[in-house]
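Scroll down for the structure; my scribbles are underneath it.
The values are calculated or read from the model by the stated rules, or taken from the named source; none is laboratory data. Predicted model only: the values in this text are computed from it and were never measured. Reconstructed Cβ throughout: ideal geometry from the backbone, glycine too, with neighbour counts over all protein chains shown.
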């Protein structure tokens with residue numbers, strides 16, 4: 001049997017490429033005679049630039065430090081694709097870690113009615 005594994009990332013826990021590799025290991029352990037191919041995907045959100053970087057020969061990451069939402073420095077990077085406009089990446093989880101809980105939300109949530 002030929003099998004194509006094409007997962008997206010599992011937000012906050014595992015990237016698409018690692019998810020595909022883990023699925024492939026499990027499949028091959030259960031059915032060693034099957035032909036398994038991995039094609040990690042992304043839906044345009046978290047992990048999209050990682051998929052592009054892996055799929056495009058000559059893609060290059062450029063690390064930078066940006067100002068996070070709380071004003072503190074945060075590690076980020078932008079991805080250069082050969083012959084294409086530059087693609088940018090946001091600081092990712094680092095942006096959430098540099099803000100205390102209540103400031104992560106764009107608007108405060110209303111409390112119970114009094």
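If you check 19, 42, 29, 24 for being closer than 26 Å to residue 77 by Cα and not in a loop (DSSP other than H, G, I, E, B), only one passes: 19. Suppose the filter is closer than 14 Å to residue 4 by Cα and either surrounded by 12 or more Cβ atoms within 10 Å (Cβ to Cβ) or outside the structural domain of residue 4 (by TED's automatic domain parsing) (or both); does residue 61 pass it? No; evaluated as a whole, the condition is false for this residue.
Hey, does the range 27-34 have a residue that's at pLDDT below 95, outside the structural domain of residue 83 (by TED's automatic domain parsing) and either over 11 Å from the mean Cα position of the chain (by Cα) or loosely packed, with under 11 Cβ neighbours inside 10 Å (or both)?
No, the range 27-34 contains no residue that is at pLDDT below 95, outside the structural domain of residue 83 (by TED's automatic domain parsing) and either over 11 Å from the mean Cα position of the chain (by Cα) or loosely packed, with under 11 Cβ neighbours inside 10 Å (or both).
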